[in-house]
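Novice: One structure, pasted below without further comment.
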Amino acid sequence: MIKNTFSTLALLSAVLLLNGCTSSIHMVNTDGFDQAIPAGVDYKYVEASTKQHVFLGFAANTNYVDDARQSLIAQCDGELTAVSTQYSTDHSFLSWYNKILMKGVCIQ
Amino acid sequence: MIRKFCLLFIALTLSGCVGLNTVSMTQIPKDKDQLVEANAHDWVFLNFTTQNDFADRAVDNLKAQCVGGKISGVFTKHQTTSYLLVFKREVIVSGYCSLPKDIM
């Protein structure tokens, strides 16, 4: 009975680890609401996300953050307002993904 | 044996793993003419420190590059590189400097 319970728990833990089903959010930042969207002006929502695979904690740089920024700016010729930045991590077996998600409203 | 240990110790000491602490970005202007960038860092032994002045230095350095103008689209990244016993804390900031027409 105890052996079965232990096996079930071990199997469940292994499945959870291998599927990377745990996730944590580290920070969310929003800024740029001082620009009201004028009526009759074209605007669009833009979004960019990048991620970095980290194995056993070894990471050489944080360039994926700059890549997200460049990607967001490249999508907007006009003014980019209501910019939100989200930094999170998805865990997996012996490794994890650091993720950056940036969103904004592009006013042409 | 001792030689191998020394080599391993040196390799571990010199190689660092970088981790992101925070990142933020403010409203980005339409005119992206002049990009200004600044960064500052300090070294911490075993995580013992009594000050965070290096962050202010980064901001002051950025402002010094846009005297009389307005900086917008400010992108701020705070990261820490971990070495064997030492940590490098770093703040990297950049933004777009918009100068008044009469200055330009």
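The values are calculated or read from the model by the stated rules, or taken from the named source; none is laboratory data. Everything quoted here is computed from the prediction, not taken from an experiment. Cβ atoms come from the backbone with ideal geometry, glycine included; neighbour counts cover every protein chain shown. Calculation scope for accessible area: heavy atoms of the full protein, side chains included, ligands and nucleic acids excluded. Shrake-Rupley method; radii C 1.70, N 1.55, O 1.52, S 1.80 Å.
Novice: If you count only protein heavy atoms with a 1.4 Å probe, what accessible area per residue comes out for the stretch B:44-104, rounded to a whole Å²? Walk me through the numbers before you get to the answer.
Specialist: Numbers: 3550 Å² over 61 residues.
Result: 58 Å² of accessible area for each residue.
Novice: Related question: Counting each DSSP H run of 4 or more residues in chain A as -39500 (n - 2.57), what helix-only mean residue ellipticity at 222 nm follows after dividing by all residues, to the nearest 500 deg cm²/dmol? Show your work: numbers first, answer last.
Specialist: Numbers: 2 runs with 30 residues, N = 108.
Here the helix-only value at 222 nm equals -9000 deg cm²/dmol.
Novice: Run the quick spin-label model on B:Leu85 and A:Thr30: label points 7 Å from Cα toward the beta carbon, then report their separation in nm to one decimal.
Specialist: In this crude label model, B:Leu85 to A:Thr30 measures out at 4.7 nm.
Novice: With unit charges on the beta carbon (Lys/Arg positive, Asp/Glu negative), name the residue among B:Thr76, B:Thr26, B:Ala64 whose Cα is farthest towards the positive pole of the charge dipole of the stretch B:18-98.
Specialist: Highest projection toward the positive end goes to B:Thr26.
Novice: Only Lys, Arg, Asp and Glu count, each charged at its Cβ (+1, +1, -1, -1), so figure out the dipole size of chain A about its Cα centre, rounded to 20 debye. All intermediate terms of the calculation are to be shown ahead of the outcome.
Specialist: Details: 6 positive and 9 negative charges, 130 e Å.
Charge dipole of chain A: 620 debye, to the nearest 20.
Novice: Taking square-rooted eigenvalues a ≥ b ≥ c of the alpha carbon gyration tensor, is the stretch A:57-108 rounded, prolate or oblate, where a/c under 1.5 means rounded and, failing that, a/b exceeding b/c means prolate? Each step should come with its number before you reach the end.
Specialist: On the way: a/c = 4.23, a/b = 2.42, b/c = 1.75.
It comes out prolate by the Cα gyration axes.
Novice: Quick check on chain B: helices-only [θ] at 222 nm, where DSSP H runs of length 4 and up contribute -39,500 (n - 2.57) each and the sum goes over total residues. Nearest 500, please. Provide the component values of the computation, followed by the final result.
Specialist: Values: 2 runs with 25 residues, N = 104.
So the calculated ellipticity at 222 nm is -7500 deg cm²/dmol.
Novice: Take peptides B:71-79, A:24-32 and line them up by average Cβ neighbours within 10 Å, highest first, as a rough protection proxy.
Specialist: On the way: B:71-79: 20.0, A:24-32: 14.1.
Descending mean neighbour count gives B:71-79, A:24-32.
Novice: If I take every Cα pair under 8 Å that is 6 or more residues apart in the stretch B:18-98, average their sequence separation and divide by the length, what percent do I get for the relative contact order? The partial results should precede the final answer.
Specialist: Values: 174 pairs, mean separation 39.3, N = 81.
Normalised by residue count, the contact order of the stretch B:18-98 is 48 percent.
Novice: Might you report the magnitude of the Cβ-based charge dipole of the stretch B:18-98 about its Cα centre, with Lys and Arg at +1 and Asp and Glu at -1, to the nearest 20 debye? Let's see the in-between values first.
Specialist: Values: 8 positive and 8 negative charges, 33 e Å.
Roughly 160 debye for the stretch B:18-98.
Novice: Considering chain B, which cysteines have no disulfide-compatible partner, defined as another cysteine with its Cβ under 4.7 Å away?
Specialist: B:Cys6, B:Cys17, each lacking another Cys Cβ under 4.7 Å.
Novice: Still on this structure, please answer the following. Please report the orientation-averaged projected area of chain A, defined via the convex hull of its C-alpha atoms, in nm². Provide the component values of the computation, followed by the final result.
Specialist: Details: hull surface 37.4 nm².
Mean shadow area of the hull around the Cα atoms is 9.4 nm².
Novice: OK, next. When a/c is below 1.5 the answer is rounded, else prolate if a/b is larger than b/c, else oblate, so apply that to the protein assembly as shown with a ≥ b ≥ c taken from the square roots of the Cα gyration tensor eigenvalues. Please list the in-between numbers first.
Specialist: On the way: a/c = 3.07, a/b = 1.45, b/c = 2.12.
The shape class here is oblate.
Novice: Given N residues in the stretch B:18-98, what is Rg(Cα) / (2.2 N^0.38 Å)? Mind dumping the intermediate values first?
Specialist: Values: Rg = 14.2 Å, N = 81, 2.2 N^0.38 = 11.7 Å.
Against the empirical 2.2 N^0.38 Å value, I get 1.22 for the stretch B:18-98.
Novice: Now for a different question. Using the crude model of +1 on Lys and Arg Cβ and -1 on Asp and Glu Cβ, and no other charge, please compute the dipole size for the protein assembly as shown relative to its Cα centre, in debye to 20.
Specialist: Details: 17 positive and 18 negative charges, 179 e Å.
The dipole of the protein assembly as shown has a size of about 860 debye.
Novice: Same structure, new question: What residue among A:Gly78, A:Val46, A:Thr8 has its Cα farthest toward the positive end of the dipole of chain A, where the charges are +1 on Lys, Arg and -1 on Asp, Glu, each on the Cβ?
Specialist: Projecting each Cα onto the dipole axis, the largest value belongs to A:Thr8.
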